[in-house]
Amino acid sequence: MGKKSTRENKNIYQTSREEAGLTRERASELLGFISPDRIERIESEKSAPQPDEILAMEECYGKTGLCNYFCSHECSIGQKYVPEVQIKDLSQITLEMLACLNSMEREKNRWIEITVDGKITEDEITDFVSIQKKLQKISLVADSLQLWIQDMLTKEQLDEDLLNSALKK
């Protein structure tokens, strides 16, 4: 049996493993291809994790969002293109989406005026950027909903067969 870590500044990989109730040795057994020493090096930040390791850890630890964290914080491509998505309650996601959509309803006609000619002029750029930021917010809220769905599937609080059946309709 492995000893319990007393380290104060634990990274997300260590806290995820510990929240799953796994020692490094047991996690290594379940992961199958990552040694306890490799897990220790990742958790102590002596080595950077590889994407396939993070995929396996997310599934093994039942930690939805671990892949998003890795992509948005540690992958050079992801840092540029992948925003960090927070797991939120469904009610909060719903309210944020409704607020975004209500805001965009007011902006819809201006969006049409700006984009109808396919050019963004100097007098349109400020409004264009403002609307583009609101669209990014909608995208982030949609990503948060996808993460919530994945979390509910992982926790078996959402029936995957029922969800897949509804998606096929």
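Here are the numbers for the structure shown:
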quantity: Radius of gyration and maximum dimension Dmax of segment 47-105, Cα, Å; calculated: 14.9, 48
quantity: Portion, in percent, of the accessible area of the chain that falls on carbon or sulfur, probe 1.4 Å; calculated: 51
quantity: Per residue convex hull volume, Cα atoms of the chain, in Å³; calculated: 181
quantity: Sequence ranges 10-22, 78-90, ranked by mean other-Cβ count within 10 angstrom, highest first; calculated: 10-22, 78-90
quantity: Cα centroid separation - segment 93-135 against segment 35-81, whole Å; calculated: 36
quantity: Whole-number accessible area per residue in Å² for segment 1-150, which is evaluated in the context of all protein chains at 1.4 Å; calculated: 65
quantity: Largest to smallest accessible area among Thr23, Thr154, Thr64 [probe 1.4 Å]; calculated: Thr154, Thr23, Thr64
quantity: Whichever lysines have a C-alpha closer than 27 Å to that of Lys46, once near sequence neighbours (fewer than 8 apart) are set aside; calculated: Lys3, Lys4, Lys10, Lys63, Lys80
quantity: Between 0 and 90°, nearest 10: helix 125-154 axis offset from the chain longest Cα axis; calculated: 40
quantity: Largest-first ordering by accessible area, 1.4 Å probe, given options Asp159, Asp127; calculated: Asp159, Asp127
quantity: Value of [θ]222 nm, deg cm²/dmol, for the chain, DSSP H segments ≥ 4, -39500 (n - 2.57) each, nearest 500; calculated: -21000 deg cm²/dmol
quantity: For segment 1-79, convex hull of alpha carbons as volume per residue, Å³; calculated: 85
quantity: Backbone HN-Hα couplings from phi across segment 92-98 [Karplus 6.51/-1.76/1.60, Hz, Gly and Pro as x]; calculated: 5, 4, 4, 5, 5, 5, 4
quantity: At q = 0.12, 0.20, 0.25 Å⁻¹, base-10 log of I(q)/I(0) for segment 79-150 (Debye sum, equal scatterers on each alpha carbon); calculated: -0.41, -0.86, -1.06
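The values are calculated or read from the model by the stated rules, or taken from the named source; none is laboratory data. All values derive from a computational prediction rather than experimental measurement. Positions of Cβ are backbone-derived with ideal geometry, glycine not excepted, and every protein chain shown enters the neighbour counts. The protein model used for the area step is the full one, side chains on, heavy atoms only, and it has no ligands, DNA or RNA in it. Shrake-Rupley method; radii C 1.70, N 1.55, O 1.52, S 1.80 Å.
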